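Down below is the structure, laid out as structure tokens.
The values are calculated or read from the model by the stated rules, or taken from the named source; none is laboratory data. Fair warning: this is a prediction, and the values are worked out from it, not measured in the lab. Here the Cβ positions follow ideal geometry from the backbone for every residue, glycine too, while neighbour counts run over all protein chains shown.
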Amino acid sequence: MAITIRPNKFLEHEISNLNFASDSGVEFEKDEFEIYFSKSKTKIPFNLKVTADLPVGWENAFTPPERANPPYSVVIAYISKDSRKRGAKKMSLVSGLSYEADLPIDFIDWRGKIELRIELIRNKGTSPTPGFYTKKYNVLSNSEEFSIYLEDKNTSPQGGELQFAWEDFTNDQSGALYYLDHAAPYSLPVLKLNSLMDDSLKVILEHKGHGERGLKRDLIWSPTEADIWEQIATKAFGILRDEGETFDLSDLPEPWNRVTKTLASMIFKGDQEDAEKSLVEICHKEDDDNKAFRNLLDELLPVAVQRKVNLLNVYEKLK
Amino acid sequence: MAKKIQIEIYTKALQIKDYLEWTADSSQFETTQLQYSIDIKPLRKEIDSIKNNPQFINDKASSDCVLAKVAHKVFKKLPNSVLTDNRFWQWIALNEFLDYSIWRWDMTPENIDQQANILRHVISGRGVGGLSRNSISRLVIPCVDLFISPSDYSLVDILFQNQQTEQSLTQSMQSMNPKTFRAMVKSVKGLDGDGVKEKIKRLNALSDSYNLDLMTEVEIQNTIN
């Protein structure tokens, strides 16, 4: 699951008040956890200046004998899959609980997106103590993650792009309301609807508004949509499972990279990166009876698709 | 005689479904010219030589290491922003070295039809996974971090000791830190595919509670082993 179970004291997301600035006239826009340099007219090397505050009582992440003089570093931990770079830059104490550091960025060396967070690191080990991380380089606290965009954010649609078409169903599909046509191997399937259905049902299915007719439409569509998600997910997980060497969902062929990312966030709550990691792990897990993968298909997925289509909310409207 | 070419990138990255249209008329896919030029002749010559060498006919993977060293010398002067751009690698793999990809990965029309993902060796995606699959970037990128001197490509030799080693290591998120990458390569010397996988699993497990990026190369190596 996306939740990291930590057996020892860990101050999750407690490093706060992150502030960003830049020099050399390179401009940026900030939107909560995202920072955009893509619009800057000046594209020259610059320093990303980062400041952050440790939480009050951060020393409690260390064992009692160490608290008077804890062995620690505060770092900017960064990773850019687009630039193929990752690393850690040590920060300096400014005053009280505040730390600062400059991360030098050159557009000729970096590209795309950089993810960063601040971490409190133990820089000296001590004897094992129950309830505490005691090894050198253990992470004891972190901040929320921020995304720095040096180029325009990839605005590819995240799913929701399923095409549909009316079709006169023949023998194989007769009696069915819909089926998914997988004929185009690299694309999402096309949702085929039986044009031989009763005209009044067609009117309901294509109704755009609310009211009684809208409720009837939702009562038909919501379980159908849940089933479609489940079918698409089964195919997507199969592709991911076949790709035994894929550790990053972005590497899957279009559109399955986007589909699996959407599914990961549907199934696993919390941080997107953790969710994707969980999905990859389960799909690649080689246990004897495929227990983890079966659990994904049989238990986690059916519940997630119901949440995705708000099935309970639709039924509650009947009250 | 040198064959200098001006570098281009596809303005919009190609997708696997574009391949047939590209083969029909590649000019319909817009490119952007960059300010850099390279001499690709040494790589062209080595590829032609390898394709005609009976030694490699039944063991094409063993040619990777030979080609990697030549490819690195050809591309090493390009800046990181180009070397990590899948639109560049798509362009060069399709326009200059498609014959090599067809030979190396048996990219016959039948195989493409049965297994479309084989096209990812030319129409590669973003990130470390894409770089590790593109026929040309997979030879060049590891050398950027593993190159020691013009006469010492010993770490490159270890990386290409078998295909499992190369794939597992280059697709690991930890390989984006040169120190970690070098430590990983040193620690898998002589191991088979399963042994390499075990090391990667151990490293991934450690990354949950350690900041590996602060460690020295020796510390990482000791931690993995």
query: Right, residue A:64: surrounded by fewer than 16 Cβ atoms within 10 Å (Cβ to Cβ) and either within 13 Å of chain B (Cβ to nearest Cβ) or not β-branched (Val, Ile, Thr) (or both) or not?
result: yes
field: Test result for residue B:38, more than 14 Å from every other protein chain (Cβ to nearest Cβ), crowded, with 16+ Cβ neighbours inside 10 Å, on the phi < 0 side of the Ramachandran plot and out of contact with any helix residue (DSSP H, G or I) (no Cβ under 7 Å at 6 or more places or on another chain)
entry: no
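Table: residues versus (1) among the aromatic types (Phe, Trp, Tyr); (2) facing chain B (nearest Cβ under 10 Å); (3) assigned to a strand (DSSP E or B); (4) closer than 28 Å to residue B:220 by Cα.
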position: A:94; (1), (2), (3), (4): no, no, yes, no
position: A:99; (1), (2), (3), (4): yes, no, yes, yes
position: A:104; (1), (2), (3), (4): no, no, yes, yes
position: A:114; (1), (2), (3), (4): no, no, yes, yes
position: A:140; (1), (2), (3), (4): no, yes, yes, yes
- prompt: Just for helices (runs of 4 or more DSSP H) wholly inside segment B:58-130: which have at least 2 residues that are more than 27 Å from residue A:106 (Cα to Cα)?
  reply: B:63-75, B:86-95, B:98-105, B:109-114
field: Residue check for residue B:144: part of a helix (DSSP H, G or I), away from chain A (no Cβ under 13 Å) and modelled with pLDDT of 90 or more
entry: no
- prompt: Restricting to segment A:161-200, what's the tally of residues that are at pLDDT 80 or above and touching a helix residue (DSSP H, G or I) at 6+ places or on another chain (Cβ under 8 Å)?
  reply: 5
query: If you take the residues of segment B:15-35 that are in a strand (DSSP E or B) and surrounded by fewer than 14 Cβ atoms within 10 Å (Cβ to Cβ), which of them is farthest from the other protein chains (Cβ to nearest Cβ)?
result: B:33
query: If you go through segment A:7-27 one residue at a time, do you hit one that is within 30 Å of residue A:281 (Cβ to Cβ), under 20 Å from the mean Cα position of the chain (by Cα) and not in a loop (DSSP other than H, G, I, E, B)?
result: yes
- prompt: What is the residue count in segment A:64-92 for residues that are among the hydrophobic types (A, V, I, L, M, F, W, C) and part of a loop (DSSP other than H, G, I, E, B)?
  reply: 2
message: For segment A:162-181, which positions are of a type in the set (Ser, Thr, Tyr) and over 25 Å from residue A:256 (Cα atoms)?
response: A:170, A:174
message: For the list (1) within 24 Å of residue B:176 (Cα to Cα); (2) away from every other protein chain (no Cβ under 14 Å); (3) among the hydroxyl-bearing types (Ser, Thr, Tyr), I need the number of the one condition that residue A:260 fails.
response: (2)
- line: Of the candidates A:77, A:52, the one satisfying the condition of being of a type in the set (A, V, I, L, M, F, W, C), out of contact with any Gly (no Cβ under 7 Å at 6 or more places or on another chain) and over 15 Å from residue A:147 (Cα atoms) is A:52
- request: Would you point out which residue out of B:199, B:189, B:179 is more than 10 Å from chain A (Cβ to nearest Cβ) and assigned to a helix (DSSP H, G or I)?
  value: B:199
query: Which one of the conditions (1) farther than 17 Å from residue B:137 by Cβ; (2) surrounded by 13 or more Cβ atoms within 10 Å (Cβ to Cβ) does residue B:12 fail to meet, given that it meets all the rest?
result: (2)
- line: Among the residues of segment B:41-64, the number that are among the hydroxyl-bearing types (Ser, Thr, Tyr) and exposed (fewer than 11 other Cβ atoms within 10 Å of the Cβ) is 0
field: Flag if residue B:159 is in contact with a Leu (Cβ under 9 Å, 6 or more places away or on another chain), without any contact (Cβ under 8 Å) to a residue 24 or more places away in the chain and either surrounded by 22 or more Cβ atoms within 10 Å (Cβ to Cβ) or within 14 Å of another protein chain (Cβ to nearest Cβ) (or both)
entry: no
statement: Pairing a residue in segment B:92-106 that is within 21 Å of residue B:30 (Cβ to Cβ) with any residue that is small (Gly, Ala, Ser) and in a helix (DSSP H, G or I), where Cβ atoms lie under 9 Å and the two sit 6 or more apart in sequence or on different chains, gives B:92/B:137; B:93/B:101; B:93/B:137; B:94/B:26; B:94/B:101; B:95/B:26
- prompt: For segment A:190-304, list the helices (runs of 4 or more DSSP H) that sit wholly inside it and hold at least 3 residues that are under 18 Å from the mean Cα position of the chain (by Cα); which are they?
  reply: A:211-242, A:256-267, A:272-284
- prompt: Among the residues of segment B:90-115, how many are among the polar types (S, T, N, Q) and within 20 Å of residue A:239 (Cβ to Cβ)?
  reply: 3
- request: Note down all Cβ pairs under 6 Å where the first residue falls in segment A:120-140 and is closer than 17 Å to residue A:89 by Cα and free of Cβ contacts under 8 Å to residues at least 60 places away in the same chain, the second is of a type in the set (Lys, Arg) and in a loop (DSSP other than H, G, I, E, B), and they're at least six residues apart or on different chains.
  value: A:136/A:124
